[in-house]
Amino acid sequence: MLNPRYAFMSACLKGEEPRTLTSEHMDKMMAASSLQDALATIRETHIGSHLEESPVGTFDDLDECLWRYLSQRISYVESFKFLPQDVLKLSRAYMVKYDVSNIKAVLLGISTGRKARMIPVGVMHSDGFLDELSNCEDVESITRLLIQCKLGDYASVLEQYKVDKDAKSRLVVEARLDGQYFKNMLHMARGIKDGFVLAKALGLVIDLTNLQVTLRAVIEGIGLDAAEFIIAGGYRITDSTIRELLSAKIADVAAGLEDGQYHDIADEVSTSYDKTKSITAVDGIIDKHKFTMLKEILSPRVLSPLVMAWYLVLKEVEIRNLRLVLRAILDGVPVQEVRDYLVL
């Protein structure tokens, strides 16, 4: 029987998709001669109309506006009177990724002595503790705040793994925070409608994240030392396979992957790196394939909490692309140079 709550939510969220940014919008923006002209090309989109109504002058203004937009869209969906509980559970669990990002930013700020810039999204933002997090001067104060915000799992990570001044110890802790996030997401997925599909999507994201770490480690010559940065819970790539790949050369990584799709991705990265000798090729290619895989799995789902998952992914990609293009325009960088990094 058709659930009217899911029907209403699906209609609302799917109804916004025609007003999201497309590759055509990106082409028009990149051909614009100024920030104002670029924004004018997307005014008919939902996010474009939001930017048009907000006064912006610097990139920081734009950045704040874009993240505020995301926060507002999440609040809008969560305010639905008859919102299915599975959708709310998914949304709340998903958005902790921004708390994790903010924790990482504060850890980096502590090690460098520079004040961290926070993303105004997530549990700590919603609860009014984001400023307090940004002012933390040591790991102990972060831990206490996380417990107060009912994010004790992440406090345990900070307590379990020592954070020193050196970059490696911080990166290991960051990987463990990511691992805890995915562990919590997979646990949440087991308790919601169509959770098995979401679990598959999360497993594929973990696979590609681990492949990304592996390819960067191989290029940088880190080798097996990068095994500490691998996230558990992947879908197709085992831990043993990752360890074998870490000892390979960049040209041989693809041959070590049995899955045809991952083989092609690794081969694409290797070819791009041979041409450009730029490690950024890894991130750009992996991010595009993450989006494509998530689109194939999540986008067709309707009358399901996975509609919310796809909505969040789509909004994040919009913001990611806009940040890249608008930053290039404001900094005077030829916007064509960022085309390869756009996820479309």
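Given the condition aromatic (Phe, Trp, Tyr), surrounded by 16 or more Cβ atoms within 10 Å (Cβ to Cβ) and over 17 Å from the mean Cα position of the chain (by Cα), answer yes or no: does some residue in region 127-137 qualify? Within region 127-137, one or more residues are aromatic (Phe, Trp, Tyr), surrounded by 16 or more Cβ atoms within 10 Å (Cβ to Cβ) and over 17 Å from the mean Cα position of the chain (by Cα). Residue 304 satisfies every condition listed in (1) within 30 Å of residue 20 (Cβ to Cβ); (2) of a type in the set (Ser, Thr, Tyr); (3) surrounded by fewer than 21 Cβ atoms within 10 Å (Cβ to Cβ) except (3). Out of 161, 154, one residue alone is among the aromatic types (Phe, Trp, Tyr) and at pLDDT 95 or above. It is 154. Screening region 34-56 for residues that are of a type in the set (Gly, Ala, Ser) and part of a helix (DSSP H, G or I) and picking the one that is nearest to residue 335 (Cα to Cα) gives 38. I'd like the full set of residues that are among the small types (Gly, Ala, Ser) and under 23 Å from the mean Cα position of the chain (by Cα), limited to region 16-56. Within region 16-56, 23, 48 meet the criteria.
Listed here are the residues, each with its yes/no results for (1) on the phi > 0 side of the Ramachandran plot; (2) without any contact (Cβ under 8 Å) to a residue 40 or more places away in the chain; (3) more than 20 Å from the chain's Cα centre (by Cα).
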residue	(1), (2), (3)
58	no, no, yes
68	no, no, no
79	no, yes, yes
94	no, no, no
100	no, no, no
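State whether one or more residues within region 321-328 are in the same structural domain as residue 59 (by TED's automatic domain parsing) and charged (D, E, K, R). Yes; the residues of region 321-328 include at least one that is in the same structural domain as residue 59 (by TED's automatic domain parsing) and charged (D, E, K, R).
Counting only residues that are among the aliphatic types (A, V, I, L, M), at pLDDT below 90 and closer than 28 Å to residue 11 by Cβ, region 49-84 holds 1 of them.
Scan region 110-126 for residues that are within 17 Å of residue 169 (Cα to Cα) and surrounded by 18 or more Cβ atoms within 10 Å (Cβ to Cβ) and the total you get is 1.
Of the helices (runs of 4 or more DSSP H) that lie entirely inside region 57-140, those containing 2 or more residues that are farther than 30 Å from residue 3 by Cα span 59-78, 96-112, 123-126, 130-134. Residues considered: 262, 273. Of these, the only one that is surrounded by 15 or more Cβ atoms within 10 Å (Cβ to Cβ), over 28 Å from residue 183 (Cα atoms) and either at pLDDT below 90 or of a type outside the set (Gly, Ala, Ser) (or both) is 273. On the stretch given as region 150-161, residues that are under 16 Å from residue 104 (Cβ atoms) and part of a loop (DSSP other than H, G, I, E, B) total 2. Just one of the listed residues (46, 25) is farther than 17 Å from residue 76 by Cα, modelled with pLDDT of 90 or more and either assigned by TED's automatic domain parsing to the domain that holds residue 320 or of a type in the set (Ser, Thr, Tyr) (or both), and it is 25.
Would you confirm whether any residue within region 166-189 is outside the structural domain of residue 290 (by TED's automatic domain parsing) and outside any helix (DSSP H, G or I)? Checked against the condition, which is being outside the structural domain of residue 290 (by TED's automatic domain parsing) and outside any helix (DSSP H, G or I), region 166-189 yields at least one hit. Can you name the residue in region 41-88 that is under 14 Å from residue 322 (Cβ atoms) and small (Gly, Ala, Ser) and, of all such residues, is surrounded by the fewest Cβ atoms within 10 Å (Cβ to Cβ)? Step by step, filter region 41-88, then rank; the result is 49.
The values are calculated or read from the model by the stated rules, or taken from the named source; none is laboratory data. Bear in mind the structure is a predicted one, so any value in this text is a computation, not a measurement. When we count neighbours, we look across all protein chains shown, and the Cβ atoms used for this are built from the backbone with ideal geometry, even at glycine.
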